[in-house]
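Just so it is clear, none of the values below were taken in a lab; they were calculated from the coordinates. This is a predicted model, so every value here is computed, not measured. When we count neighbours, we look across all protein chains shown, and the Cβ atoms used for this are built from the backbone with ideal geometry, even at glycine.
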Amino acid sequence: MAPHIVDLTRVIQPTGPDDERKFVVNIHNALAEIPGKQRPAGEWYVMSDVALMNHVGTHIEMPFHCLKEGADLAQIPVEQLCGEAVILDLSEAEAEFGVTLAQVQTAAAKAGGIHPGDIAFGRMGPTKYFSTEGLAWLVEQGIKLMGVDSGGVELTHDTTHANVNHLLLFRAGIPLIENLTNLDALNQSWVHVYALPVPVSGLDAFPLRVIAVEN
Ligand SMILES: [Zn+2]
């Protein structure tokens, strides 16, 4: 039987230049400078300038996002970006200050447990982020990559911008994927994942394609 492939990536719609999370595409006619060069109707030869805010759409954040000495996009090994992922169903979890330790542990137990070297993806519900205790427990289990289908894991009630939850992951060398989608289209709580950004030196984050494969 052919494997079931699910795209966990949101489509990015290009924006205007003034959007806070911009992704501007300027298409250029690459034949314009060559005199006499023409193409038949319906054809062209273009190249594009792209200007983006790098935390746009489904994107991955590296430790370098918060740690000056943390790994950037080019330094993280691909082995850390591919592998077995546990899907934590937190779509019903409600909590005032982020999904609780008990809610995370219950979701993990239902999915079949978490093991060192796993990827953990959170399917979030009304509570879109993690309590520090809940996230710390995932880090203690030895996960190598974290992802959520919400805008992030950070404490929304922490107005100090201390990035407590980001740092909990990044200090353990764990990258974070934000704005996943289609986790509800998965049939299994364990899937094989490929999450591959372009390896850019000195960059903290970038949009990426995230693919899940079910057997
Ligand atoms: Zn981000």
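Out of the range 26-97, which chymotrypsin sites (Phe, Trp or Tyr not before Pro) are coil in DSSP terms and have no more than 14 other C-beta atoms within 10 Å?
Loop-located and lightly packed - 44, 45.
Need the full-extension length gain, residue 18 to residue 209, defined as separation in residues times 0.36 nm minus the C-alpha distance. One decimal, nm.
The span from residue 18 to residue 209 would gain 66.3 nm if fully extended.
Mind giving me the nanometre distance, one decimal, between the label points for residue 51 and residue 172, set 7 Å out from Cα along Cα→Cβ?
3.9
Need one word for the range 33-92: rounded, prolate or oblate. Basis is the Cα gyration tensor (sqrt eigenvalues a ≥ b ≥ c); a/c below 1.5 gives rounded, then a/b vs b/c decides.
On the way: a/c = 3.00, a/b = 2.09, b/c = 1.43.
Cα axes put the range 33-92 in the prolate bin.
Residue-wise, which Karplus ³J(HN,Hα) couplings in Hz belong to the range 32-46, taking 6.51 cos²θ - 1.76 cosθ + 1.60, θ = phi - 60°, and x for glycine or proline?
4, 7, 9, x, x, 7, 9, 10, x, 3, x, 10, 7, 9, 10
Given Cβ point charges of +1 (Lys, Arg) and -1 (Asp, Glu) and nothing else, what value in debye, to the nearest 20, does the dipole of the range 39-107 about its Cα centre take?
Result for the range 39-107 is approximately 320 debye, rounded to the nearest 20.
So if each residue of separation counts as 0.36 nm, and I subtract the Cα-Cα distance between residue 34 and residue 97, what length gain in nm does that give?
16.6 nm
With each pseudo-label sitting 7 Å past Cα toward Cβ, what's the residue 110-residue 140 distance in nm, one decimal?
Simple spin-label model gives 2.2 nm for this pair.
Would you mind classifying the range 59-214 by shape? Square roots of the alpha carbon gyration tensor eigenvalues, ordered a ≥ b ≥ c; an a/c under 1.5 is rounded, otherwise it is prolate if a/b is larger than b/c and oblate if not.
Working: a/c = 1.64, a/b = 1.14, b/c = 1.43.
Oblate, since a/c reaches 1.5 and b/c is not below a/b.
When a/c reaches 1.5 or more, the comparison of a/b and b/c decides; with that in mind, is the range 140-186 rounded, prolate or oblate per its Cα gyration tensor?
Judged from the Cα gyration tensor, the range 140-186 comes out oblate (a/c at least 1.5, b/c at or above a/b).
Along the charge dipole of the chain, pointing to its positive end and built from +1/-1 on Cβ of Lys, Arg, Asp and Glu, which listed residue (65, 8, 198) has its Cα farthest out?
198
Please work out the Cα center distance from the range 176-205 to the range 1-42, rounded to the nearest Å.
Using only Cα atoms, the two centres lie 21 Å from each other.
What is the magnitude of the charge dipole of the range 59-214 about its Cα centre, with +1 placed on the Cβ of each Lys and Arg, -1 on the Cβ of each Asp and Glu, and no other charges, expressed in debye to the nearest 20?
Dipole of the range 59-214, to the nearest 20 debye: 220 debye.
With springs only between Cα atoms under 10 Å, which of 191, 56, 164 fluctuates most in a Gaussian network model of the chain?
Comparing 191, 56, 164 in a Gaussian network model of the chain, the most mobile one is 164.
Would you mind finding the longest exposed-site-free stretch of the chain, with exposed GluC sites (Glu not before Pro) meaning DSSP loop and at most 11 other Cβ atoms within 10 Å?
97-215
How large is the helix-only mean residue ellipticity at 222 nm for the chain, computed as the sum of -39500 (n - 2.57) over DSSP H runs with n ≥ 4, divided by its residue count, in deg cm²/dmol to the nearest 500? Don't jump to the answer; show the numbers that get you there.
Numbers: 3 runs with 27 residues, N = 215.
For the chain, the value works out to -3500 deg cm²/dmol.
Taking the Cβ of residue 118 as the centre, find all other residues whose Cβ is under 14 Å away and add up their charges (Lys, Arg: +1; Asp, Glu: -1). Could you put the intermediate results ahead of the total?
Working: positive: 144; negative: 79, 84, 140.
Combined, the nearby Lys, Arg, Asp and Glu give -2.
How much FRET efficiency would the formula 1/(1 + (r/R0)^6) give for residue 157 and residue 2, where r is the Cβ-Cβ distance and R0 is 35 Å, rounded to 0.05?
On the way: r = 45 Å, r/R0 = 1.30.
Computed FRET efficiency for residue 157 and residue 2: 0.15.
Got a sec? Charge dipole of the range 96-177, +1 on Cβ for Lys and Arg, -1 for Asp and Glu; which of 176, 100, 162 is way out at the positive end?
176
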